[in-house]
Each structure stands twice: as structure tokens, then as C-alpha cells.
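Contents: one structure, followed by commentary.
The values are calculated or read from the model by the stated rules, or taken from the named source; none is laboratory data. From a predicted model like this one, the values you see are computed outputs, not experimental measurements. Positions of Cβ are backbone-derived with ideal geometry, glycine not excepted, and every protein chain shown enters the neighbour counts. These accessible areas exclude ligands, DNA and RNA; they are computed on the full protein's heavy atoms, side chains included. Shrake-Rupley method; radii C 1.70, N 1.55, O 1.52, S 1.80 Å.
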Amino acid sequence: MPVHDEICRAIDRLEERAVGLGRQIHARPELKFQEHFAAEVLTGALRNLGVPVERGVAGLETSFRAEAGKAGPTVAILAEYDALPNGHSCGHNLICTAALAAFGGLAAIGPQLPGRIVILGTPAEEGGGGKIIMLDRGALKGVDAAMMSHPVDGEYATFPTLATRHLRLAFRGRAAHAAAAPWAGASALAAVIQTFQSVDSARLHFRDGSRLHGIITNGGQAVNIIPEKTESEFLCRAHTTAYAHEIAERVLRCAEAAAQATGTRFSHEVVGGYKNMINNVAIAHRYARHSETLGVLTPDAPPDLPTGSTDMGDVSHAIPAIHPIFRIAEPGAGNCHEERFAQLADTPRAYKAMIRVAKAMALTAYDLLAEPALMKSARDEFAACVRT
Ligand SMILES: [Zn+2]
């Protein structure tokens, strides 16, 4: 289709700028909600495209939004740009530049765009749930479908992710001299250790694919004092939100029992949680078709694919959405969140893949705007998935 070629040519023209931005953002990793540099350079690049940009969307300082086209069906491309303490080890420098290039390619066709395309800068995917805040505050209102793409060491059009429930636990015991009067104390450390042990015996009974992992963030005050206070965190993950909640309930029961056994008091707070990803297959398969035309086979993910969690899951429960993943290295070369993955996210191969993915997303978004039948299948499928 000539318009498809035109979009791809526009993305080719943006390549140098997008790769330059990817490198700059990679060199200045910023943690969740602190992505000031990334937001600044990305919005600067959008202004250079001649589109007005809104900053501080939904009250989040490092978010942004821009749009192009005209009233009608609306597709949003989401950009993540936060890093981890070990740098861009999740490759979000590639996610935001792919989104920028895809948006730029579509904005370039001007009046030929049969609807509206939105780019949404969404902060704090890594533990801050930026998209959930933006969803709750209406930033995706009027958007019919959403997409983003994430680098890994594989290539899939669909990507199942796990729902999470993040718990923070606190035990309060009684301090005492650990040698002179241990009988006067109640150990908050014993309580937290028992919680971990009970949780470990409970996990045998969890459904396949569930994950439960925790850390002790405060294990006591001094070695010669019976620990008065301890704190720990658990992340409960499962294929569905409901089951992640069930696992969390089990953790709380283990903690209550430990408190009872050790004579301590127990309290907890729910820090947050992400929903599992509902992959819209109608959109994902159109993405796969474009990806194949661009030279890369992009099948559906196998059910046993190792996976994590993302706040894009919450978006996918609100509107039809896809979160395809793309290969920037050979399988096994590095996993997300490892330091070596940060190096893989800044190579010519990674940036080449980013541009190809930008094209596949842009063409998919264009089709959604141009083909009412495709948008309808996406909507019908979404309605059926959310009902079940
Ligand atoms: Zn990530």
C-alpha cells in the first residue's frame, strides 16, 4: 500500500534522530518518576516534529502527551523511559524511541491519517505503576486501542505477563538484652523467618506459573538486642489478578500464624499491583503480519515463555492493547534487569530492531484507524475477554 511505504520512509528519515535519542537516554539512566532528562529530550523531539506537547499529564511531572491527525478512531502508542538502579537493563531507551519514531512516521502523512494518533509518555513502569495512575486519572480517555513494544532476546507478537500483588509486612515484638534477658523479649526476626518458611511450604500448592518472592528489608536493630521491629516485602505473581490476590492472602495467613507463634504483632500494607496482560490477538496478528513483511517472523508467545509483569497489563484490561516483544540479542545472551542486558540495549543491532518495530507498530496503528472492520474485531475480542 503506498501509504504504508510513505510511513516507513518517514520513519527511515527519523532513524538518525531516534537512535541519537536512544543513546542519550541510555547514557543517563533515571529511576521511576525521576525521568526528567528523558522526558525533556523526547518532548523536544516531538516539538521538532511540529506537534504541540502537553507535559505533566495526570499530575505526573515526567509524563507527556502529543497527538496528530483528526477526530475519529484513536490509537495510542505508549513510551516508557525509566531505568533501574543498574542502568537501562530493561531497554526502555528502545521502547520510547520506537514509540517516537512510530508516532513521527504517522504524523508525517498529515491529512492522510484517517483518525488520531497519540503518543503517551508513561513514567515509572519499574514498580511505580505510572500507567495505572494515568489510567485512573483519565489520560487514556477517548483512546480506542493502545500499543507498545518491549526489547528482550526473543520475538513474539503476544506476550503473557503475570499479575502482581505487592505486600509490605511489619512485625513488632519486644526488645530485650539478647544474653542477659532473652526471656523478656519477643523476636520480630523469628516472626519474619517463620513467615518465609511457611510461605515456602505453601508454594507447593500454588497453581503452575505462579511466583512468590520476598526480601527482608529490616532484620533487626543490633545483634545483641532481641529484634523489636522487622520489615519485609513480598511480590505475589500469578496468571490472573484474582489468583495473585489469593496468593497474597496465603502470605498474610502465614504472617498472622508467625505473629501468634512468636508473641509479636503483625501489620501489612498493599503497596500496589499490576494486572496480567490481555493480548488483543486481532491487533497482535496484524502487527505480526507487518513484522513479517519487514523481514522478521513474529509468532504468538508459547504458553511457557518466562515472563515478568508490567503496568501495560492494566491498560489491556481497560482497552484493546498489545505488548509485542522484539529481539535485540541472541536467545540467552542476557535477561532483562541484568547488567549485561543494559549493554545489549545500546548496540547497532538493538537500534536497528527498534526502527523495524517502530514501522510495524506504525503500520498496525494506521490499519486500526483505516479499517473499521479491524477495529471492530479488536473491540469484540476485548469485550469477550473482559467478560470471561
Ligand atoms: Zn521493562
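Determine, yes or no, whether Asp367 is more than 16 Å from the ligand (Cβ to nearest atom), in a helix (DSSP H, G or I) and either on the phi > 0 side of the Ramachandran plot or in contact with a Lys or Arg (Cβ under 8 Å, 6 or more places away or on another chain) (or both). Let's see the steps before the verdict.
Values: more than 16 Å from the ligand (Cβ to nearest atom): yes; in a helix (DSSP H, G or I): yes; either on the phi > 0 side of the Ramachandran plot or in contact with a Lys or Arg (Cβ under 8 Å, 6 or more places away or on another chain) (or both): yes.
Answer is yes for this residue.
Return yes or no: is Gly127 within 28 Å of Phe382 (Cα to Cα) and small (Gly, Ala, Ser)?
Values: within 28 Å of Phe382 (Cα to Cα): yes; small (Gly, Ala, Ser): yes.
Taking the combined requirement at face value, the residue satisfies it.
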Given the conditions (1) open to solvent by 10 Å² or more (accessible area, probe 1.4 Å); (2) closer than 16 Å to His317 by Cβ; (3) of a type outside the set (S, T, N, Q), which single one is not true for Glu155? (2)
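So for region 339-359 (the condition being open to solvent by less than 60 Å² (accessible area, probe 1.4 Å) and within 22 Å of His239 (Cα to Cα)), does at least one residue qualify? Don't jump to the end; show me each part of the working.
Of the residues in region 339-359, the ones open to solvent by less than 60 Å² (accessible area, probe 1.4 Å) are 341-342, 344-347, 350-351, 353-359.
Still in the list and also within 22 Å of His239 (Cα to Cα): none.
No, the conditions are met nowhere in region 339-359.
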All positions within region 335-351 that are closer than 21 Å to Glu15 by Cβ and in contact with an Asp or Glu (Cβ under 9 Å, 6 or more places away or on another chain): Leu344, Tyr351
Restricting the first residue to region 308-324 and requiring it to be more than 15 Å from Gly272 (Cα to Cα) and open to solvent by less than 10 Å² (accessible area, probe 1.4 Å), which pairs with a second residue that is β-branched (Val, Ile, Thr) and more than 10 Å from the ligand (Cβ to nearest atom) meet a Cβ separation below 7 Å and a spacing of at least six or different chains? Ser316/Ile278; Pro320/Ile283; Ala321/Val315; Ile322/Ile283; Pro324/Thr298
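Suppose we filter Gly44, Gly50 for residues that are among the small types (Gly, Ala, Ser) and under 26 Å from the mean Cα position of the chain (by Cα); which single one remains? Let's see the steps before the verdict.
Values: Gly50 fails: under 26 Å from the mean Cα position of the chain (by Cα).
Just a single option satisfies the conditions, and that option is Gly44.
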Of all residues in region 269-320 being assigned to a loop (DSSP other than H, G, I, E, B), within 24 Å of Thr74 (Cα to Cα) and not polar (S, T, N, Q), the one that is nearest to the ligand (Cβ to nearest atom): Asp311
Check region 141-149 and report whether any residue there is open to solvent by 10 Å² or more (accessible area, probe 1.4 Å) and without any contact (Cβ under 8 Å) to a residue 60 or more places away in the chain. yes
Looking only at region 125-136, decide whether some residue is buried (at least 24 other Cβ atoms within 10 Å of the Cβ), within 23 Å of Thr43 (Cα to Cα) and away from the ligand (no atom under 15 Å from the Cβ). yes
If I ask for residues that are over 16 Å from His92 (Cβ atoms) and of a type in the set (D, E, K, R), which ones from region 24-78 would you list? Arg47, Glu54, Arg55, Glu61, Arg65, Glu67, Lys70
Please go through region 330-340 and pick out each residue that is closer than 25 Å to Glu292 by Cα and within 15 Å of the ligand (Cβ to nearest atom). Gly334, Asn335, Cys336
Quick check on region 100-121. Is at least one of its residues within 12 Å of the ligand (Cβ to nearest atom), surrounded by fewer than 24 Cβ atoms within 10 Å (Cβ to Cβ) and touching a residue at least 12 places away in the same chain (Cβ under 8 Å)? no
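Residues of region 79-88 being near the ligand (Cβ under 9 Å from one of its atoms) and open to solvent by less than 10 Å² (accessible area, probe 1.4 Å), which ones? So that I can check it myself, show each step before the final result.
Looking only at region 79-88, we keep the residues that are near the ligand (Cβ under 9 Å from one of its atoms), and these are 80, 82, 84.
Result: Glu80, Asp82.
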So for region 361-378 (the condition being of a type outside the set (Phe, Trp, Tyr), open to solvent by 40 Å² or more (accessible area, probe 1.4 Å) and in contact with an Asp or Glu (Cβ under 8 Å, 6 or more places away or on another chain)), does at least one residue qualify? no
